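Report on one structure; see the data block that follows.
The values are calculated or read from the model by the stated rules, or taken from the named source; none is laboratory data. Here the structure is a predicted model, which means the values were calculated and not measured. Cβ atoms come from the backbone with ideal geometry, glycine included; neighbour counts cover every protein chain shown. The accessibility values were calculated without ligands, DNA or RNA, using every heavy atom of the protein model including side chains. Shrake-Rupley method; radii C 1.70, N 1.55, O 1.52, S 1.80 Å.
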Amino acid sequence: MLSYQHAYHAGGPADLHKHAAMCVLMERLAEKPKPFAVVDLYAGHGVYGLGTDEAQKTKEFEGGIGRLWPKRGEVAPQAISALFGAIAPLNPEGRLIYYPGSPAIARAFMREGDLLILNELHPAAHTDLKRWARQDDRITLHKRDGLEALVGLMPPPVRRGLVVIDPSYEIKTEYAALPDALRKAQRKWKEGTYLVWYPILADGRHSELVKGLETGLAGGVIACELHFDASKFAKDAPGLRGTGVIVVNPPWKFDVAMGAAGEWLAKTLTTTGRHTLRWLQRDANVA
Ligand SMILES: C[S@@+](CC[C@H](N)C(=O)[O-])C[C@H]1O[C@@H](n2cnc3c(N)ncnc32)[C@H](O)[C@@H]1O
């Protein structure tokens, strides 16, 4: 099918929430000198122009990074400052023209010896990504089904790192299939941290995914949700009511850093929205 195009949604509130979580995790990986690997299974294009027809058609970025960017000089939680730090080099003159996709967020934290393993199935996005990644020998690129690659690419050659799982959920069975694939991946790479993005939908379809991640995984499992302004939704209207990120095997005190970033996003992007954190499973090894 592959009709989803992220260019319509880049820089919107869902991207900010997911990328803030990534920034918390990337900062923690880059704290230690030992190399890390990031496996991004639904990578998209790398970088997005906010002046393109797609971005201008929906203008989703205006309610997202468009609202945040003027605040980049203000005091903000560490993950938000780190996110600004990843966006700024793409916009050296200060005017917001480009927004980074998850591969560019990851690359902003990488050092010599770290690895970025990208996967993207859509032919046009894959071609764009290949162009973006050229001349960086730390990056390898695959063109496989994301859930198949989630198991097939584990473990990465460097055994410290993060897997980013950000499907478009065009195929509705992905909600049910993802937890099982993640359990299989974890059997092959238990030390890794896994980030799963999901939409919070009016029809509650995402709850199948959340429920599926409540059992059978090793380490802690935490769900972070940014709920948009309820007053803006017509009753029973379909669509996105919020954005969620589940992190499996998060680093120590991830909840504290993500809680601060999420609350700041809720305050900055919404009027009555809120951010919630819920442990689906506590890490048995952490008191
Ligand atoms: C939500 S977008 C990714 C956005 C990106 N992770 C970011 O944060 O900038 C989902 C991507 O998955 C790709 N995709 C859709 N189905 C896929 C599949 N079965 N396997 C791999 N990629 C797929 C789409 O082409 C799209 O680029």
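If we keep just the residues of the stretch 48-70 that are polar (S, T, N, Q) and in contact with a helix residue (DSSP H, G or I) (Cβ under 8 Å, 6 or more places away or on another chain), which is farthest from ARG131 (Cα to Cα)?
THR58
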Scanning the stretch 45-75 for residues that are open to solvent by less than 10 Å² (accessible area, probe 1.4 Å) and part of a loop (DSSP other than H, G, I, E, B), the one farthest from ASP166 (Cα to Cα) turns out to be LEU50
Being open to solvent by less than 10 Å² (accessible area, probe 1.4 Å) and either without any contact (Cβ under 8 Å) to a residue 12 or more places away in the chain or among the acidic types (Asp, Glu) (or both) is the filter here; which residues of the stretch 32-44 pass it?
ASP40
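Please find, among ALA223, ALA202, the residue that is more than 14 Å from the ligand (Cβ to nearest atom), in contact (Cβ under 8 Å) with a residue 24 or more places away in the chain, farther than 25 Å from VAL24 by Cβ and touching a strand residue (DSSP E or B) at 6+ places or on another chain (Cβ under 6 Å).
Residue meeting the stated conditions: ALA202.
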Looking only at the stretch 1-31, and only at residues there that are without any contact (Cβ under 8 Å) to a residue 60 or more places away in the chain and more than 8 Å from the ligand (Cβ to nearest atom), the one that is most open to solvent (accessible area, probe 1.4 Å):
GLU31
Being open to solvent by 30 Å² or more (accessible area, probe 1.4 Å), out of contact with any Pro (no Cβ under 9 Å at 6 or more places or on another chain), under 16 Å from ALA43 (Cβ atoms) and more than 8 Å from the ligand (Cβ to nearest atom), is that true of even one residue in the stretch 161-172?
no
Can you pull out the residues in the stretch 76-132 that are outside any helix (DSSP H, G or I), acidic (Asp, Glu) and surrounded by 15 or more Cβ atoms within 10 Å (Cβ to Cβ)?
ASP114, GLU120
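Any residue at all in the stretch 233-246 that is part of a strand (DSSP E or B), at pLDDT below 95 and open to solvent by 10 Å² or more (accessible area, probe 1.4 Å)? Give the steps one after another, and end with the answer.
Here is the first cut: in the stretch 233-246, the residues part of a strand (DSSP E or B) are 240-246.
Among the residues that remain, those that are also at pLDDT below 95 are: 240-241.
Right, trim to open to solvent by 10 Å² or more (accessible area, probe 1.4 Å) and you get 240-241.
Checked the stretch 233-246: at least one residue is part of a strand (DSSP E or B), at pLDDT below 95 and open to solvent by 10 Å² or more (accessible area, probe 1.4 Å).
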Which of the residues spanning the stretch 145-157 are open to solvent by 30 Å² or more (accessible area, probe 1.4 Å) and in a loop (DSSP other than H, G, I, E, B)?
ASP145, PRO155, PRO157
